[in-house]
Amino acid sequence: MNVLGIESSCDETSVAIIRNGELTANLISSQDFHSKYGGVVPELSSRAHLQIVIPLLKDALKESGLELNQIDLFCATAGPGLIGALLVGFTFAKGLAYSLKKPFIGVNHIEGHIYSGFLMKQKPEFPFLALVVSGGHTLLLIVKSFNEIKRLGTTVDDAAGEAFDKVSKMLGLGYPGGPKIQEMSKNGNPEKINFPIASLDQPYNFSFSGLKTSVLRYIQKNFKHKGIPEKEIPDIAASFQNAVIKALIGNTEKALQNYDVKSISLVGGVAANLELRNSFIRLAEKYNLKLIIPGLEYCGDNAAMIAFRGTKLFEAGRVDSLNMSPYPGLPDKQFS
Ligand code: KG4
Ligand code: ZN
């Protein structure tokens, strides 16, 4: 069976093909031009998806040695994401399915991330503990199977990636913030400034808004309106990154002490962070658990995870109606 996946929920357009169970193409085009606006501009994003999706499809088919009429299942991200951006990939995939009389599945983007560890040679073993850290979501989950997920915690305010992006803006480093903060942190002292980590009543929830405010206060108190001296930026970036990692590791470790799992998986855009990856390696060693962190090309938004998730849903008997609409937010009660 040959499966085509399309991802267009934010600022990456991606087309992937799984040919008879093997990933043969995962092409990703990142819209770098948003950096000059300090964040993603939805209308520009939709337009860029429109311009690139057909060339990407052609290249993915070529790389996979397939013709379009050899695709047996069409999958696209249904949400959550920017609605205008989602509509491009979603409608395109539905149109292809309709014209070729093939099944279509609208895939939940977060579920795509959750199962992205299965794209690696070493795969997660059920039940596994998953930490999803992306630009829009921070979720700690127990994944029991391909159709059962229990949510332990979520963020009560900002997502981890959002905190990286906002603090990067404060430090004048630009968008997307994660990679910039990671780079700056290399020359900084992570223990220099003790930014507070929120402690919440619900032990597995996260909060990053207070941390973001304390970085802002630190900047205002120490540098007033003069601007941050360049030599101070690495220490602030490293100390902030350290606080985020401590919060993520802290809740994950609490969950490991209270739930029996066979493996751990760290997924989503922020899972690209080298220090976070290293901290998870140490944590998994401490608890003697198998750890799966996707390669960098599967951490950020990609269509391989959408094609994979779509395949599993199809195998379980799901096919979506062509009347299905994309959704900007998480459906009610999902992961509750
Ligand atoms: O999963 P993703 O590509 O898109 C969403 O579904 O949101 O995640 C994007 C987020 C951005 O906030 C970006 O700053 C963050 O992932 N990110 C990182 C790194 N690379 C990307 N955060 C920390 N360190 C990184 N190296
Ligand atoms: Zn994502």
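The values are calculated or read from the model by the stated rules, or taken from the named source; none is laboratory data. Fair warning: this is a prediction, and the values are worked out from it, not measured in the lab. Note that we place each Cβ from the backbone using ideal geometry, even for glycine, and neighbour counts take in every protein chain shown.
The table that follows gives values for the structure above.
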read-out	value
Residue check, Ile105 more than 16 Å from ligand 1 (Cβ to nearest atom), crowded, with 24+ Cβ neighbours inside 10 Å and not charged (D, E, K, R)	yes
Condition check for Ile197: away from ligand 1 (no atom under 14 Å from the Cβ), of a type in the set (A, V, I, L, M) and under 22 Å from Gly81 (Cα atoms)	no
Odd one out for Thr154, checked against (1) over 17 Å from the mean Cα position of the chain (by Cα); (2) assigned to a strand (DSSP E or B)	(1)
Meets criteria (in a helix (DSSP H, G or I), at pLDDT 95 or above and not acidic (Asp, Glu)) for Phe164	yes
Boolean, Glu22 is within 16 Å of ligand 2 (Cβ to nearest atom), charged (D, E, K, R) and modelled with pLDDT of 95 or more	no
Extreme residue, surrounded by the most Cβ atoms within 10 Å (Cβ to Cβ), among residues of the stretch 38-58 that are touching a residue at least 40 places away in the same chain (Cβ under 8 Å) and of a type outside the set (Gly, Ala, Ser)	His49
Condition check for Val261: touching a residue at least 24 places away in the same chain (Cβ under 8 Å) and crowded, with 22+ Cβ neighbours inside 10 Å	no
The stretch 1-29 residues that are farther than 16 Å from Arg309 by Cβ, paired with ones that are of a type in the set (A, V, I, L, M, F, W, C) and modelled with pLDDT under 95 (beta carbon under 8 Å, 6 or more apart)	Cys10/Val40; Asp11/Val40
Helices (runs of 4 or more DSSP H) within the stretch 31-121 that include 3 or more residues more than 18 Å from the chain's Cα centre (by Cα) and either within 16 Å of ligand 2 (Cβ to nearest atom) or polar (S, T, N, Q) (or both)	42-64, 83-100
Residue that is nearest to ligand 2 (Cβ to nearest atom) [pool: residues in the stretch 150-188 that are surrounded by 20 or more Cβ atoms within 10 Å (Cβ to Cβ) and among the β-branched types (Val, Ile, Thr)]	Thr155
Search result, residues across the stretch 125-137 that are within 11 Å of Thr252 (Cβ to Cβ) and away from ligand 2 (no atom under 12 Å from the Cβ)	Leu129, Ala130, Leu131
Of all residues in the stretch 68-102 being among the basic types (Lys, Arg) and farther than 15 Å from Leu50 by Cα, the one that is surrounded by the most Cβ atoms within 10 Å (Cβ to Cβ)	Lys102
Meets criteria (of a type in the set (Ser, Thr, Tyr), closer than 20 Å to Arg151 by Cβ and not in a loop (DSSP other than H, G, I, E, B)) for Thr252	yes
Residues being more than 17 Å from Pro80 (Cα to Cα) and within 16 Å of ligand 2 (Cβ to nearest atom) - total across the stretch 138-148	1
Hey, Ile306 part of a helix (DSSP H, G or I), within 16 Å of ligand 2 (Cβ to nearest atom) and of a type in the set (Val, Ile, Thr) or not	yes
Where a residue in the stretch 289-314 is basic (Lys, Arg) and its partner, wherever it lies, is within 13 Å of ligand 2 (Cβ to nearest atom) and part of a helix (DSSP H, G or I), with Cβ under 7 Å and at least six apart	Arg309/Glu111; Arg309/Gly112
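The rows are residues; the columns are (1) away from ligand 1 (no atom under 14 Å from the Cβ); (2) among the β-branched types (Val, Ile, Thr); (3) under 19 Å from Val319 (Cβ atoms).
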| position | (1), (2), (3) |
| --- | --- |
| Leu61 | yes, no, no |
| Leu66 | yes, no, no |
| Thr91 | yes, yes, yes |
| Lys94 | yes, no, yes |
| Glu125 | yes, no, no |
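One line per residue, one yes/no per condition, for (1) within 15 Å of ligand 1 (Cβ to nearest atom); (2) under 20 Å from Tyr327 (Cα atoms):
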| position | (1), (2) |
| --- | --- |
| Thr13 | yes, yes |
| Asn26 | yes, no |
| Asp32 | yes, no |
| Glu43 | no, yes |
| Lys58 | no, no |
